[in-house]
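*Asks:* This structure is in C-alpha cells; I'll ask about it shortly.
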Amino acid sequence: MSSLATMPSIEAAAGAKPLLSARHLTKVFHTGGQEFRAVDDVSLSVGHGKVLGIVGESGSGKSTVARMVMRLIEPTSGTVMFDGDDLTAKTGEALRRMRRNMQIVFQNPHSALNPRDTIGDAIAEPFLVQTRVRGSELDRKVEELLDIVSLPKTFKYRYPHELSGGQKQRVCIARAVALEPRLLVLDEPTSALDVSVQAQIIMFLQDLRARLNLTYLFISHNLAVVRHLCDDVVVMNKGAVVESGPTEAVFKSPRNAYTRQLIESVPRIPRPAS
Amino acid sequence: MTALLNIENYRLDIPTFDGVLKVLDGIDIKLDQGDTLGIVGESGCGKTVLARSILGIGPRNAKRVSGQIVFDATALDELSEAEWRRIRGVKISMIFQDPMTYLNPLLTIGRQLSDVVVAHHRAQGMQVPAKAERLARCGQLLEQVQIADTQRVLKSYPHQLSGGMRQRILIAMALAGEPKLLIADEPTTALDVTIQAQILKLLRDLVDRLGLTVVMISHDVGAIAALSRRVAVMYAGTVVEQGEAESILTRPRHPYTRGLLAALPDIEGATHPLEAIPGTIPNLITPPTGCRFHPRCPRATAICRQQKPETRSIGADHVVACHHAFD
C-alpha cells in the first residue's frame, strides 16, 4: 500500500483498514454552459465503528460528498472504496448487493416517508427490495425494528402524518438499519428537529451504534452536535477539505483560518456553573 | 417609568376544524425602552403567534380571551385598521426568518426600499420627497445596516444578493420608519453560522447606536444569548420563566428551562452529558390540566396536574411559574 503515505493524516490515525474511503472525489455540475465544481478533490476515510463528521456551511459540498459516497449521484472523478471493494466500479446486480451494506438517512423526515404508505410498509420496503423475507417473518422483522428505535409496535398501522418529526426520523432510521448495514450516512438528521428531540435522536444514534456495531458518516452544519457525536471531523469550504483530524484536536486548536472563523461564529451560551 | 411594551394576562384561542387551539395561556411580558428580550421556545410553543399579535398580524380568526397588549401607552387590541397603519411598520416593525420570501424577486432593491420610504411619508401625511432625495434616504438606510457599496446594491435584484445581504436589506426596510420596537422572528435561522454572527452583531450595534428596543424570537438559545439582555422561555403557550438572560441561562429554575439547556450539545466540548426531555409537546386543543409541562416534568406531583402555577418572583429580575422550581 504505497499510497498510504500520500493519504491525509486522518487515515493514518484510523490505523487499521478503513471501512469507507473516498479518494480524490470531484463533482462538476454544468449549469447554463458554466462549470461548477461542487466538490473538488475530496479524500476522506472512516474506520470500522467510528463516526466521521463532515461540517461546512451551505454550498460547501458536504451533502454532495454524502450522495457520491452512496452513489446516488455519480462522481465526475475519484473512487469510493467500501471495505476494500471499489464501489465506483460496480454496476447492476453487484452494486445492488453492495447497497445493503450502506444506508442513508436524510435531513427532512417529513418528505422522506411516502404519505400513502403506513409506517409498517415503509420499514418493510428494504426487505422487499433486497431479500426474500415475506409474510409473518416480515411482520416480525418490522416489529423488531420498531422496538429497536423505541416506538410501539402498533405504530406499523399508522401513517406518517400521525407522527411527530422525531418519531418520523426514528422510522427513517429503523428503515435504514433494517438490513443490518455496516455504514450509515446521516445527512443532517437532526436539523429539522427541535432541540429536545434532537437530543433524543443523538443519544439514540450513540446507543444504536454501540448495539449494532455501526459506522457513521455524519453530515451537519451544527458544530456543537458534531463535536458531541464524532470521533473525527472533516471541515469543508467551497467544495474542498480545509482541515481534518480528530474532533477534539480540530475544535481545540483549529489550524485553518476558515475553521477558526466557523468555530468562533457559533454564539456561546452561558452555562450553569455545576 | 412605564414599560414600552406591556403584555398582561394575554390569552388567545384559535378555532380550527378539530377544536379550539388554546394557543396562548396568560402571557405576561414587560419590556422597557432600549431593552432587548429574547423569546425562546420549541416549535408550537406560541412564540410566533405572540410576536405577530404584538404587530396585529396574528391569525385572522384568533380570539382574544383575556388580557391586553399595551405599547407606548396605547392598547393595541382596541385599534382600528386605520390607527394600526400609523403604528405597524412605523413604531413597531418586524423582520422575518427567510429574507428571500419577503422581497419581490421582480423589483430592484432600490425600488422596494424606495416604496417603503414613500409609504412612510404618506402614512405620516408628509409630502413624498423627490426622487433624488428618496435615493439618498435609501442609501442612508443601507449604510445604517453596514452595507458599503450602496449604489450597486440599490440596482440589484434580490437573487443577485446573498442571504446575509438580503436580511440586512429587510432590517433596513424595518428601520425606515424609525421604529421604537423591532420584532425579529428567527432572524438568523435560515443563515449560515458565519453570516448569522454578522447579523447578530449588526442587531447588537443597532440597539446600542439607535436605542432600539428589540423582541427577538428564536428556538436557538445561542442566538438569543448573543443579543438579548432579558429572556422569556415559552412552553405550550405559557411563559415558564422570564428575567435577566445571565440569570436564566446560568441558574435556570424551571424544569423545562433546565431540560432545554441540558438538551443542547456544547460547542466548547462535553462539559455535561446530553439529556433529552422525555415525551413530546402537548396538543393545545386539549392541553394538560394545571401546569402544561407536567406530563413531561421529572418533578411533577399531584398539585401540578390540578393547579396552574402562579408566576412568582425569585430574584431581582427573574420570575418562574412552577410549583416545584429549583432553588
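The values are calculated or read from the model by the stated rules, or taken from the named source; none is laboratory data. Since the model is a prediction, treat every value here as computed from it, not as a measurement. When we count neighbours, we look across all protein chains shown, and the Cβ atoms used for this are built from the backbone with ideal geometry, even at glycine. These area figures cover heavy atoms from the full protein model, side chains too; ligands, DNA and RNA do not enter into them. Shrake-Rupley method; radii C 1.70, N 1.55, O 1.52, S 1.80 Å.
*Asks:* Provide the three semi-axes, in whole Å and in decreasing order, of the ellipsoid equivalent to chain B as defined by the square roots of 5 times the Cα gyration tensor eigenvalues.
*Replies:* Value: 37, 23, 17 Å, ordered largest first.
*Asks:* Something else now. When averaged across all projection directions, what area in nm² does the alpha-carbon convex hull of chain A cover?
*Replies:* Seen from a random direction, the Cα hull of chain A projects 17.1 nm² on average.
*Asks:* Straight distance only, please: which aspartates and glutamates reach the Cα of A:Lys27 with their own Cα at less than 15 Å, same-chain residues fewer than 8 apart left out?
*Replies:* Once the sequence-local aspartates and glutamates are set aside, what remains near A:Lys27 is A:Glu35, A:Asp40, A:Asp41, A:Glu74.
*Asks:* What are the ³J(HN,Hα) values, in whole Hz, obtained from phi via the Karplus relation 6.51 cos²θ - 1.76 cosθ + 1.60 with θ = phi - 60°, for each residue of the stretch A:195-203 in sequence order, with x given for Gly and Pro?
*Replies:* Values per residue, Gly and Pro as x: 4, 5, 6, 4, 4, 4, 5, 4, 5 Hz.
*Asks:* Could you compute how fast the protein assembly as shown diffuses translationally, taking Rh as the Kirkwood radius over C-alpha pairs and applying Stokes-Einstein at 37 °C with viscosity 0.692 mPa s? Give it in µm² per second.
*Replies:* Using the Kirkwood radius from Cα pairs, D works out to 124 µm²/s.
*Asks:* Once each part is reduced to its C-alpha centroid, what is the distance from the stretch B:71-144 to the stretch B:177-236 in angstrom?
*Replies:* Cα centroid to Cα centroid, the span is 20 Å.
*Asks:* So, in Å, what gap is there between the alpha-carbon centers of the stretch A:46-111 and the stretch B:1-35?
*Replies:* 48 Å
*Asks:* Could you work out, residue by residue across B:193-203, how many beta carbons of other chains sit within 10 Å of that residue's beta carbon, and then give the average as an integer? Could you put the intermediate results ahead of the total?
*Replies:* On the way: counts 12, 7, 3, 4, 6, 1, 0, 2, 0, 0, 0.
For this peptide, the per-residue mean of nearby foreign Cβ atoms is 3.
*Asks:* Still on this model: Return the FRET efficiency for the residue pair A:Ala94, B:Ser80: r is the Cβ-Cβ distance, R0 is 60 Å, and the value is rounded to the nearest 0.05.
*Replies:* Approximately 0.25, to the nearest 0.05.
*Asks:* Just list whichever of B:Lys91/B:Lys201; B:Lys30/B:Lys91; B:Lys91/B:Lys131; A:Lys17/A:Lys238 have alpha carbons separated by over 19 Å in the model shown.
*Replies:* Table pairs above 19 Å Cα-Cα are B:Lys91/B:Lys201; B:Lys91/B:Lys131; A:Lys17/A:Lys238.
*Asks:* With a 1.4 Å probe and all protein chains left in place, how much accessible area per residue does the stretch B:107-156 have, in Å²?
*Replies:* On a per-residue basis, 55 Å².
*Asks:* Take B:Gln33 and B:Asp208, extend 7 Å from each Cα along the Cα→Cβ direction, and tell me the distance between the two endpoints in nm.
*Replies:* Each label point is offset 7 Å from its Cα along the Cβ direction, giving 2.2 nm.
*Asks:* Find the accessible area per residue for chain A; the probe is 1.4 Å, ligands and nucleic acids are left out, and the unit is Å².
*Replies:* For chain A, the solvent-accessible area averages 45 Å² per residue.
*Asks:* Between A:His48 and residues 5 or more places away or on another chain, which pairs have amide H atoms under 5 Å apart, with H built 1.01 Å from N, and which residues are they?
*Replies:* A:Leu19
*Asks:* Show B:Arg299, A:Arg71, B:Arg152, B:Arg60 ordered by accessible area, largest first, where the area counts protein heavy atoms only and the probe is 1.4 Å. Can you show the working numbers first?
*Replies:* Working: B:Arg299 90, A:Arg71 25, B:Arg152 120, B:Arg60 240 Å².
Descending order: B:Arg60, B:Arg152, B:Arg299, A:Arg71.
*Asks:* Could you state how much accessible area is buried at the B-A interface, both sides summed, with a 1.4 Å probe, in Å² to the nearest 100?
*Replies:* Summing both chains' loss of accessible area gives about 2900 Å².
*Asks:* Which whole number gives the average, over all residues in A:258-268, of C-beta atoms from other chains lying within 10 Å of the residue C-beta?
*Replies:* Rounded to a whole number, the mean comes out at 5.
*Asks:* To continue, here is another question. Could you sort the peptides A:214-224, B:28-38 by per-residue average Cβ neighbour count (10 Å cutoff), highest mean leading?
*Replies:* So the order, starting with the most tightly packed, is A:214-224, B:28-38.
*Asks:* Would you mind calculating the relative contact order of the stretch A:115-274 from Cα pairs under 8 angstrom and at least 6 residues apart, reporting the percent as a whole number? It would help to have the intermediate numbers written out before the result.
*Replies:* Values: 160 pairs, mean separation 25.4, N = 160.
RCO, the stretch A:115-274: 16 percent.
*Asks:* Sequence neighbours fewer than 8 away in the same chain don't count; with that in mind, list the lysines whose C-alpha is under 20 Å from A:Lys168.
*Replies:* Answer for A:Lys168, where 20 Å is the Cα cut-off: A:Lys141, A:Lys153, A:Lys156, listed by chain and number.
*Asks:* Kindly provide the helix-only [θ] at 222 nm of the protein assembly as shown, computed as the sum of -39,500 (n - 2.57) over DSSP H runs of four or more divided by all residues, to the nearest 500 deg cm²/dmol?
*Replies:* Taken over the protein assembly as shown, the calculation gives -10000 deg cm²/dmol.
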